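Below is one structure; the comments refer to it alone.
The values are calculated or read from the model by the stated rules, or taken from the named source; none is laboratory data. Just so you know, these numbers come straight off a predicted model, no measurement behind them. Reconstructed Cβ throughout: ideal geometry from the backbone, glycine too, with neighbour counts over all protein chains shown.
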Amino acid sequence: MIPYGRQDISQDDIDAVVSVLKSDFLTQGPMVPRFEERVAEHVGAQRALAVNSATSALHIACAALGLGPGDCLWTSPVTFVASANCGLYCGADVDFVDIDPRTYNLCPIALERKLQEAELEGRLPKIVVAVHLCGQPCDMKAIHELSQRFGFRIVEDASHAIGGKYRGQFIGSCQYSDITVFSFHPVKIITTAEGGMALTNDVTLADKMELLRSHGITRDSDKMTHEPDGPWYYQQVDLGFNYRMTELQAALGLSQMDRLGEFVERRHELARRYNELLEGLPLRTPWQHPDSYSGLHLYVIRLKLDQIRKTHREVFEGLREAGIGVNLHYIPVHTQPYYQNLGFQHGDFPESECYYREAISLPMFQGLTNAQQDEAVEALKKVVLS
Ligand SMILES: *Cc1c(COP(=O)(O)O)cnc(C)c1O
């Protein structure tokens, strides 16, 4: 089976991890800060906090921004559940904004409309999580303008987007947001096995996230309520978690950063090949906004079902039977049973649900060979044209 995504591990990556295993520190050593500095410098952000997953990063991002009971977090329905769950972890309510039919990202026009209604009803969101689906950045300038007008904070869920650019700047620079989050799960662009990172230009937010990452405990006497009792002393000044990244993960991430540019270029090369090879088929290839350079985590096609003699499911199953490990990103979050129990219904976000009825993610990863890609395209042709 050709998977839809797969990590790319070099001998240098392996050597980097092995050398940590032979060192003094498996956790809380020098590699995590080095990895943080490397990513922060690369994307042009002031501070970076490495954690054990993007889910954890989203949680401490929301908590640092003060999200709590009585507040509301909005995001796109077409995302992994973690983009919404982070609001629930903080005791806040979650709501969604439908997607733009061209980019599949949260639609700024729908956002503006919903904000106007929410303002009248006195229930404006505290945070909007902008998810860069497939690696293509959201319209951050428009979302940022709305945040100034309506007074909400912005978290970019850039789990798909490291290495991509928005208006010439690397995603993660937080030019139009408070905090940006990356994921280093193996299917994503670079990996640390499990892992994530929160980036920000706001020192206060960074310090707060640093506390929350490790039990709310500080060893910095400046942050304590009184002079240390002695050299052993630490203080718990907040209720935090154990969301720390290990040295092994950080060493892997640091080594993977050497090839980030190469990884994203290869993804673009594969996307260009797909665009050409799929021309004329009854499906829509991804649209790329001219202002942005996608991280291209995913290559999602949408079937033109009125021109195909098969259902979406039959096409999907046909591809899997042919050994092509296609996937579907994502089941709209508001249609998940947990969210239905919170009151959401099918039909609430029609663009997202329409997307779900047509979308298929084709294989897209650094190590995908042209021959494997050709095999996937041939299988797809056979399935949709018969
Ligand atoms: C993968 C992903 C996450 C969660 O990442 P983890 O590192 O697995 O916690 C969150 N949001 C989006 C959009 C993702 O794709």
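The set of residues from segment 115-138 being of a type outside the set (S, T, N, Q) and in contact (Cβ under 8 Å) with a residue 60 or more places away in the chain comprises LYS126, ILE127, VAL129, HIS132, LEU133, CYS134, GLY135, PRO137.
Considering segment 107-144, and only residues there that are away from the ligand (no atom under 16 Å from the Cβ) and among the small types (Gly, Ala, Ser), the residue that is nearest to TYR330 (Cα to Cα) turns out to be ALA110. For VAL181, are the conditions met, namely being within 15 Å of the ligand (Cβ to nearest atom), crowded, with 24+ Cβ neighbours inside 10 Å and not in a helix (DSSP H, G or I)? Spelling it out, VAL181 is indeed within 15 Å of the ligand (Cβ to nearest atom), crowded, with 24+ Cβ neighbours inside 10 Å and not in a helix (DSSP H, G or I).
Assess whether PRO137 counts as being outside any helix (DSSP H, G or I), surrounded by fewer than 17 Cβ atoms within 10 Å (Cβ to Cβ) and modelled with pLDDT of 95 or more. For PRO137, the condition - outside any helix (DSSP H, G or I), surrounded by fewer than 17 Cβ atoms within 10 Å (Cβ to Cβ) and modelled with pLDDT of 95 or more - is not met.
For segment 146-169, enumerate the residues that are in contact with a strand residue (DSSP E or B) (Cβ under 9 Å, 6 or more places away or on another chain) and assigned to a strand (DSSP E or B). Within segment 146-169, ARG153, ILE154, VAL155, GLU156, ASP157, LYS165, TYR166 qualify. The residue that is surrounded by the fewest Cβ atoms within 10 Å (Cβ to Cβ), counting only those in segment 70-126 that are among the β-branched types (Val, Ile, Thr) and touching a helix residue (DSSP H, G or I) at 6+ places or on another chain (Cβ under 6 Å), is VAL81.
Applying the criterion of at least 2 residues that are more than 25 Å from the chain's Cα centre (by Cα) to the helices (runs of 4 or more DSSP H) found wholly in segment 331-386 leaves 370-385.
Give me the residue from segment 221-250 that is polar (S, T, N, Q) and farther than 22 Å from GLY66 by Cα and, out of that set, surrounded by the fewest Cβ atoms within 10 Å (Cβ to Cβ). Among residues in segment 221-250 that are polar (S, T, N, Q) and farther than 22 Å from GLY66 by Cα, the one surrounded by the fewest Cβ atoms within 10 Å (Cβ to Cβ) is SER221.
The residue list GLU194, GLU210 contains one member that is within 16 Å of the ligand (Cβ to nearest atom), in the same structural domain as VAL81 (by TED's automatic domain parsing) and of a type in the set (Asp, Glu), which is GLU194. Applying the criterion of being in a loop (DSSP other than H, G, I, E, B) and among the charged types (D, E, K, R) to the residues of segment 269-322, the residue that is surrounded by the most Cβ atoms within 10 Å (Cβ to Cβ) is LYS310.
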